[in-house]
Amino acid sequence: MRRRKSLVALAGLNALAAALNTLPVQAAVSPEQESPIHRLHEIRRAYVDALGQEKQDDRTKVAQYWGNFPNFPNFPNWANWNNWLNGWRNF
Amino acid sequence: MAEFLNPASFRGVTQLLIMQPTAFCNIDCEYCYLPNRGDRTAMTVETARDAARFIFDAGLNAPGFTVVWHAGEPLVVRPRWYRLALAAMQEVAPQGLTLPHAIQTNGMLIDEEWCDFFLETGMRVGVSLDGPARLHDARRKTRSGQGTHGRVMRGIEQLQRRGVAFHIIAVVGRPTLAAADEFMDFFQSHGISNIGLNIEEIEGPIHTSTLQADGSQQGFRAFFARVIERASQAVPVIRLREREDLLACLESPGFGKFGYNSQNVPFGIVTVSVGGGLFTFSPELAGTRHDRFGDFSIGQLPGASVDRILASPTFQALWPEIEAGVKRCRESCPYFDVCLGGAPSNKLAENGSFDSTETMHCRLSHQAVADAVLADLEGRMPRLEQAPAAGAYGTAGP
């Protein structure tokens, strides 16, 4: 059901994009605004929804895990979320 | 952010302890930012023990905390030294914690003895390799100017023959951007399936990059998009660190709430130089010099403590300026949630100040990567309806 919802949302987005392409104001949309970063949250929502329940459960565990570190609520740790990444840093 | 200036606040924050067993490197890559590459001094076992003690006494270690041996060619120091150093560090680790170690090498010195050591210790191995010989040998040279590709490949073949898992970190410069297929053909044909991409950066004493040329951002985006495509088509699938990292970021329950990354929060990364100097923030700051920040050292082993570091003039100069730069990124950049404020060392080298925003490093390593990965995700979403198989997005499992 989650996947279907996300696909409906994406289909809606695609339809919206197609509709926008037919509008005369199309030229007002700058190439910069067409960058997918401006749709980051929509893309993320669809991606996460599509991951399925198994990943959702993992996400809950990770949220609980980071709840043990209240001093740094702003500190991310993608690497620990996905253990495969451990040891891979950009230095 | 004043609450950070309390030693207890930093408990559990350090992800990486970067150890420089020697500054010496047996080769002389043209884009290397490390100073003192001719200095053969080796770290003492006691300094290794002191470094671990500093982390554990202050409780800095985060879950998943890893020790990385790097910042010079670490295989110049022989396995017998590492056996002593690893044992000394383990002795002072909290009970029940087995310290994970990783090493980043140029691969020139890998031999049977090293393979035995890697298998015995479980040390994770990263090899620096820029792709096929044409690209690699153009920049990664011996001190006499010869290419190093042949010897590195012999080392890699040895790792593969012995069953030592490893990943590759490849530096991407301007010539690589036009050679995505050649680059991926090379890795695929050699059975290499874990790759990280570092751009040719402007950092420390390196003031220019081939990627400064006009059109590099579009070129990098196109290169990375093609690399993603080739990686997902490969059998077995090739894992790209940048893509996996961005997917992990999207999957994180904390997405959108984080304000800092490991390079711009104090003690997120701790670097220990060969002589026991302590550094934090970007590891590349270690060993370089600056008019206002000196050599960026925040303390000296043995005897350093978090409270003394927080009160030190160097830390007090670094942190407010770095934090101000992060704040400006947060307020001005649409990529903030996937980058979290950039790399201080790149800001300083490119913009002359930590209190600044966009860099070439941001535009390529974060923005172009995000553009390519997000566009790829968007392109894949509708197809899921026909092929909803598990792992259709290629997300790496643990």
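The values are calculated or read from the model by the stated rules, or taken from the named source; none is laboratory data. Small disclaimer: the values here were computed from a predicted structure and weren't measured. Backbone-built Cβ (ideal geometry, glycine too); neighbour counts: all protein chains shown.
Evaluated against (1) on the phi > 0 side of the Ramachandran plot; (2) in contact with a helix residue (DSSP H, G or I) (Cβ under 6 Å, 6 or more places away or on another chain), B:GLY145 falls short on exactly one condition, (2).
In the stretch B:229-243, which residue that is within 13 Å of chain A (Cβ to nearest Cβ) and either surrounded by fewer than 22 Cβ atoms within 10 Å (Cβ to Cβ) or of a type outside the set (Asp, Glu) (or both) is nearest to B:ASP376 (Cα to Cα)?
This residue is B:ARG243.
Reported count of residues in the stretch B:37-65, each being in a loop (DSSP other than H, G, I, E, B), surrounded by 17 or more Cβ atoms within 10 Å (Cβ to Cβ) and within 14 Å of chain A (Cβ to nearest Cβ), is 2. For the stretch B:176-222, a residue qualifies if it is over 16 Å from B:PRO132 (Cα atoms) and part of a helix (DSSP H, G or I), and the qualifying residues are B:THR210, B:LEU211, B:GLN212, B:SER216, B:GLN217, B:GLN218, B:GLY219, B:PHE220, B:ARG221, B:ALA222.
Within the stretch B:275-290, identify whether any single residue is closer than 25 Å to B:GLN20 by Cβ, over 18 Å from the mean Cα position of the chain (by Cα) and assigned to a helix (DSSP H, G or I), and answer yes or no.
Within the stretch B:275-290, the first condition is being closer than 25 Å to B:GLN20 by Cβ, and the residues that meet it are B:275-290.
So of that shortlist, the ones also over 18 Å from the mean Cα position of the chain (by Cα) come out as B:275-277, B:289-290.
Now narrow it down to the ones that are assigned to a helix (DSSP H, G or I): none.
Checking the stretch B:275-290: not a single residue is closer than 25 Å to B:GLN20 by Cβ, over 18 Å from the mean Cα position of the chain (by Cα) and assigned to a helix (DSSP H, G or I).
I'm trying to understand the selection: among the residues of the stretch B:263-298, which are modelled with pLDDT of 95 or more, more than 17 Å from B:SER9 (Cα to Cα) and touching a Phe, Trp or Tyr at 6+ places or on another chain (Cβ under 8 Å)? Answer for the stretch B:263-298, where residues must be modelled with pLDDT of 95 or more, more than 17 Å from B:SER9 (Cα to Cα) and touching a Phe, Trp or Tyr at 6+ places or on another chain (Cβ under 8 Å): B:THR271, B:VAL272, B:SER273, B:LEU278, B:PHE279, B:PHE296, B:SER297, B:ILE298. Applying the selection to the stretch B:132-187, what residues are hydrophobic (A, V, I, L, M, F, W, C) and exposed (fewer than 14 other Cβ atoms within 10 Å of the Cβ)? Hits for the stretch B:132-187 are B:ALA165, B:ALA178.
Here's the yes/no breakdown for (1) of a type in the set (Asp, Glu); (2) modelled with pLDDT of 90 or more:
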site: B:GLY191; (1), (2): no, yes
site: B:ILE199; (1), (2): no, yes
site: B:ASP214; (1), (2): yes, no
site: B:GLU229; (1), (2): yes, yes
site: B:ALA234; (1), (2): no, yes
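Scanning the stretch B:135-157 for residues that are under 19 Å from B:THR210 (Cβ atoms), part of a helix (DSSP H, G or I) and in contact (Cβ under 8 Å) with a residue 40 or more places away in the chain yields a single hit, B:LEU135. Using the structure shown, decide if B:THR98 is β-branched (Val, Ile, Thr), within 14 Å of another protein chain (Cβ to nearest Cβ) and part of a loop (DSSP other than H, G, I, E, B). When the stated conditions are applied, B:THR98 passes them. Examine the stretch B:235-247 for a residue that is assigned to a loop (DSSP other than H, G, I, E, B) and more than 30 Å from B:GLU157 (Cα to Cα), and state whether such a residue exists. Taking every residue of the stretch B:235-247 in turn, none turns out to be assigned to a loop (DSSP other than H, G, I, E, B) and more than 30 Å from B:GLU157 (Cα to Cα). Scanning the stretch B:339-358 for residues that are closer than 22 Å to B:VAL171 by Cβ and either touching a Ser or Thr at 6+ places or on another chain (Cβ under 7 Å) or at pLDDT below 95 (or both) turns up B:CYS339, B:GLY342, B:ALA343, B:PRO344, B:SER345, B:ASN346, B:LYS347, B:ALA349, B:GLU350, B:ASN351.
Which one is surrounded by the fewest Cβ atoms within 10 Å (Cβ to Cβ) among residues in the stretch B:66-79 that are within 14 Å of the chain's Cα centre (by Cα) and in a loop (DSSP other than H, G, I, E, B)?
The initial filter retains those residues of the stretch B:66-79 that are within 14 Å of the chain's Cα centre (by Cα), namely B:66-72.
In the following step, the residues that additionally are in a loop (DSSP other than H, G, I, E, B) were identified as B:70-72.
On the way: B:HIS70: 22, B:ALA71: 26, B:GLY72: 26.
Within the stretch B:66-79, the match that is surrounded by the fewest Cβ atoms within 10 Å (Cβ to Cβ) is B:HIS70.
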